[in-house]
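The structure under discussion appears below in the form of structure tokens.
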Amino acid sequence: MYRVWNYVTNYSILLVVGAALALIWANVDAQSYRHFVEYPLWFNNFAGVDTAYWMENYAGNFGIDSIGDVERVITPHYLVNDVLMAFFFAVAGKEVWEAVILKNGALRGKKAATPLVATLGGMLGPVVVYLGLAYFVFGSETYDALARGWAIPTATDIAFSYLVGRIVFGAGHPAVRFLLLLAIADDAAGLIILAVFYPSGDLAPFMLLWSLAAAVAVFVLFNWLPRKLDKGNQLRIRSTWVREKLSFWPYLLAGCVSWWAFQKSGLHPALGLLPIVPTLPHADRAFGIFSEAEQYLTDLLNHTQNLLKHPVEIILFLFGFLNAGVEFGAIGAPTWAVLAGLLTGKPAGIFLFGWLAAGPMRLGLPAGMRMADLLVIGCVAAIGFTVSLFVASVAFPTGQIQDAAKMGALFSFGAALLAIIVGKLTGVRKQGG
């Protein structure tokens with residue numbers, strides 16, 4: 001009941017299928033693939049890609065010369081990356097929130113100290129390797145072109161890393177839980193990086209006041225106030241009525257306002273639901289990161305996550321389908337920079353900082369885990385894929401550099417083979433669970 005195997009495999013399968021179909025289509029007929037990805041679904045003044053950018057880069061493919069006085073256009077790529085992926089990041093944000101706020105949360109206390117320090121190394125290492133390779137090997141001109149993509153190799157794909165970790169260590173090995181802690185902390189840092197370093201437009205921070213107002217309003221009216229009115233009443237009449245009659249709808253409405261505010265503020269709108277996640281009533285008990293046991297909890301936060309499970313699986317399929325369609329001819333310097341950052345910088349950073357935390361800092365390792373396991377964990381965590389693809393899509397404009405960087409993210413699956421080999425060489429003993 002407490003295993004996460006079914007959870008992550010369900011999230012992984014459709015994503016891989018979507019990415020594989022995109023690769024095939026793009027390498028059979030790249031023009032028709034891009035035609036599909038950037039097809040104009042709706043010209044409007046509310047949301048979408050800036051029409052000036054779209055007209056310059058894609059309008060000719062559709063025989064469109066003029067669209068009148070319209071500011072934005074929604075394409076399949078925008079719909080998935082900027083709108084629907086907000087639900088994926090909300091699910092990830094929910095896990096981070098619970099891991100931090102709940103009494104037994106996975107990222108609280110000494111048990112999380114070494115993974116958190118290792119996470120820092122797992123982010124700094126790839127950046128150093130990526131930028132160093134771009135500057136000292138490819139030259140200053142290439143460095144200038146690639147520098148904006150420094151965050152691409154910092155990502156760790158939770159689902160795929162967990163699957164490979166299970167293969168290498170076995171379900172019962174303490175290194176698997178260490179890996180999950182590291183991966184969720186990595187995702188939390190990745191969300192911050194996306195918000196701070198990759199705005200989607202001109203910054204207008206004051207617009208975030210709308211997001212804050214929506215979060216405060218929905219929390220006070222539909223979470224705090226019913227509980228306040230029910231104080232001393234064991235039947236919890238008002239809270240029950242709000243839970244049964246209104247469910248998640250007030251929070252979805254607040255999420256729409258927050259998403260709109262993020263878009264207007266210049267921050268990436270895919271992060272727009274994150275301020276609303278903490279406002280949902282949540283359980284007081286933490287079962288662990290992505291634990292299947294959470295499906296049996298009745299609090300609104302976990303109930304909403306369960307409702308999102310299958311929609312998010314489809315969203316990840318669409319994400320893979322609309323982002324992984326890269327021609328193999330696009331392989332170039334960005335590919336090798338991203339791949340080197342992931343396959344060498346990630347393991348080196350995790351091992352070095354993990355050793356510092358466990359040894360000189362005296363934070364220790366989980367019982368049954370060796371120092372050599374840190375290196376293997378670093379190799380497993382080098383699978384960037386989902387978040388690396390996402391960062392590549394926002395770091396670079398559509399074109400050769402973005403495609404080459406995405407290819408590096410796709411090739412990071414090679415970290416699975418590297419992890420298996422390093423696991424064998426370091427004498428990892430699989431433990432059932």
* region 417-433 residues that are among the polar types (S, T, N, Q), paired with ones that are surrounded by 13 or more Cβ atoms within 10 Å (Cβ to Cβ) and assigned to a loop (DSSP other than H, G, I, E, B) (beta carbon under 6 Å, 6 or more apart) -> Q431/G170; Q431/G172; Q431/H173
* Asked: Does at least one position in region 362-370 carry a residue that is in a helix (DSSP H, G or I), touching a residue at least 40 places away in the same chain (Cβ under 8 Å) and either aliphatic (A, V, I, L, M) or touching a strand residue (DSSP E or B) at 6+ places or on another chain (Cβ under 8 Å) (or both)?
  -> no
* Which condition does L79 not pass, out of (1) assigned to a helix (DSSP H, G or I); (2) crowded, with 18+ Cβ neighbours inside 10 Å; (3) aliphatic (A, V, I, L, M), if it passes all the others? -> (2)
* To do: Within region 188-207, identify whether any single residue is assigned by TED's automatic domain parsing to the domain that holds L417, over 23 Å from I101 (Cα atoms), in a helix (DSSP H, G or I) and aliphatic (A, V, I, L, M), and answer yes or no.
  => no
* Asked: Quick check, is K264 under 22 Å from L79 (Cβ atoms), in a helix (DSSP H, G or I) and either of a type in the set (D, E) or at pLDDT below 95 (or both)?
  -> yes
* Determine which single condition T156 fails, assuming it passes every other condition in (1) over 21 Å from S393 (Cβ atoms); (2) not in a helix (DSSP H, G or I). => (1)
* Looking at S161, is it within 18 Å of the chain's Cα centre (by Cα) and either in contact (Cβ under 8 Å) with a residue 60 or more places away in the chain or assigned by TED's automatic domain parsing to the domain that holds S412 (or both)? -> yes
* To do: Sort through E98, E38 and tell me the only one that's within 23 Å of P275 (Cβ to Cβ) and surrounded by 16 or more Cβ atoms within 10 Å (Cβ to Cβ).
  => E98
* **Output for region 48-66, where each listed residue is part of a loop (DSSP other than H, G, I, E, B) and touching a helix residue (DSSP H, G or I) at 6+ places or on another chain (Cβ under 6 Å)** => G48
* Report yes if some residue within region 298-311 is farther than 26 Å from L15 by Cα, outside any helix (DSSP H, G or I) and modelled with pLDDT under 95; otherwise report no. => yes
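The values are calculated or read from the model by the stated rules, or taken from the named source; none is laboratory data. Just so you know, these numbers come straight off a predicted model, no measurement behind them. Quick reminder, even Gly has a Cβ in these numbers, built from the backbone with ideal geometry, and neighbours come from all protein chains shown.
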